[in-house]
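Trainee: Sharing a structure with you now.
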Amino acid sequence: GITNTSKTFPLAYCYITSESAKSFDFVVGELTKYVFYDYPKAAVIYANFTKGLRAAMVARSLRDASVEDEAN
């Protein structure tokens, strides 16, 4: 996040047992459910971009796209 004095701060630290897509999907789902439930989706994700994170982001994007297609 960014403070009113333009300083940045980390929002969450997560310790997970593996860097698999399933683990990252779980973390994002829990943060969305308990922290970001009424906020727009993140425009920026800052991470080391492991294979698991990349796979989780692609899978979530595909799921979101299919939900939007069904709504139209």
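Trainee: Apply the Kirkwood formula to the chain: the hydrodynamic radius equals the inverse of the mean of 1/r over all pairs of different alpha-carbon atoms; give it in Å with one decimal.
Mentor: Roughly 13.9 Å, rounded to one decimal.
Trainee: When the chain is treated as a GNM, springs tying every alpha-carbon pair under 10 Å, which of THR32, THR17, THR50 comes out with the largest mean-square fluctuation?
Mentor: Ranking THR32, THR17, THR50 by mean-square fluctuation puts THR17 first.
Trainee: Residues of the range 36-56 with backbone nitrogen within less than 16 Å of a virtual label 7 Å along the Cα-to-Cβ line of CYS14, please, listed as ranges.
Mentor: Of the residues in the range 36-56, 36-37, 41-56 have backbone N under 16 Å from the label point off CYS14.
Trainee: Could you tell me which residue out of TYR34, MET57, SER20 lies farthest along the dipole of the range 20-72 toward its positive end? Charges go on the beta carbon: Lys and Arg +1, Asp and Glu -1, centred on the Cα centre.
Mentor: Ranked along the dipole, the leading option is SER20.
Trainee: When we measure straight from the Cα of LYS51, which lysines land under 20 angstrom away, once same-chain ones fewer than 8 places off are left out?
Mentor: Cα-Cα hits under 20 Å: LYS22.
Trainee: Given the DSSP H assignment, sum -39500 (n - 2.57) over each helix run of at least 4 residues in the chain and divide by its residue total; what's the result at 222 nm in deg cm²/dmol, nearest 500?
Mentor: Taking each H run of at least 4 residues, the total per residue is -16500 deg cm²/dmol.
Values quoted throughout were computed directly from the atomic coordinates according to the rules given, and no laboratory measurement underlies them. Just so you know, these numbers come straight off a predicted model, no measurement behind them. FYI the Cβ positions are ideal-geometry reconstructions off the backbone, even for glycines, and counts take in every protein chain you see.
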